[in-house]
Amino acid sequence: MHQSRLDGDLRKHGFCMLTGRVCVADVARLVHACRRSFAGDGVGVLAKSSRGHVYAARNLIGSVPEVSSIWQRDPIRSFLVTHLGGRFGLVRALFFDKPPDRTWALAWHKDTSIAVEGHAGDSAHFSRPTTKAGVPHVIASDDILGEMLTLRIHLDEVTDENGPLEVIPGSHVSNQSAGVGVEHAVKICAAAGEVLAMRPLITHASGSSSPGTRRHRRILHLEFAASERLPDGYRWHDFVRLEEGQLL
């Protein structure tokens, strides 16, 4: 798809599929790296199925080095620079799966929580401090979230069978925006290696996998911020910059 069309879709609808994809070899490397990390069952692993499949994990920046490099090459790199500018950084990395023996679903929601270095106190920009898998989190304001972008790298083919993500176009404008309405939600099916870009405030959900499926639905979920600076004494828990020499 032409770059101007992608830019328009992201601006108007709050999401788009990137042109090109992560190659098969890199997908395999990412799957292997995640599997290797999860074998240690560290603090970032949130949940395992009865057969030992990890279906949710946090804190991948510290435990899976590959998540800090996979986006540093085109077409992902140039897309991020275009939409976030040259001072952006990776601030959080999550892993999701719907293994055949343990499917799950998520109701409609927006991603409003960010990982921070610590709870710095009262702020008009941050609220509801919590700790998730050992990392402080807060709910961020629309101003902060509007300067962020999420990339979801599909590590498996996603079809109707394995619980694809659904998004509501236009709902990314604010925390209160309903967009075009749930009746016009778009289902995100993708080949392995394809990358979905979406704004955190877009309303999204996903259903359970079909009974009896043998498909996984592994997703690498990467969150980026336009700037390392946060107001009111807050700091990102992680901020991985573009490597020197990689800026266009």
- Task: Sort out for me the strands (runs of 3 or more DSSP E) sitting completely within region 100-215 that have 1 or more residues that are touching a residue at least 12 places away in the same chain (Cβ under 8 Å) and more than 29 Å from Gly233 (Cβ to Cβ).
- Result: 106-109, 148-154, 165-167, 186-188, 195-198, 204-206
- Filtering helices (runs of 4 or more DSSP H) wholly in region 1-63 for at least 1 residues that are modelled with pLDDT of 95 or more and touching a Pro at 6+ places or on another chain (Cβ under 8 Å) gives 3-13
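Being over 22 Å from Val67 (Cα atoms) and touching a Gly at 6+ places or on another chain (Cβ under 6 Å): is that true of Ser210 here? Let's see the steps before the verdict.
Numbers: over 22 Å from Val67 (Cα atoms): yes; touching a Gly at 6+ places or on another chain (Cβ under 6 Å): no.
So Ser210 fails the test.
The values are calculated or read from the model by the stated rules, or taken from the named source; none is laboratory data. Keep in mind that what you see is a predicted model, and the values were worked out from it rather than measured. Counting neighbours? That spans all protein chains shown, and the Cβs are built from the backbone with ideal geometry, glycine included.
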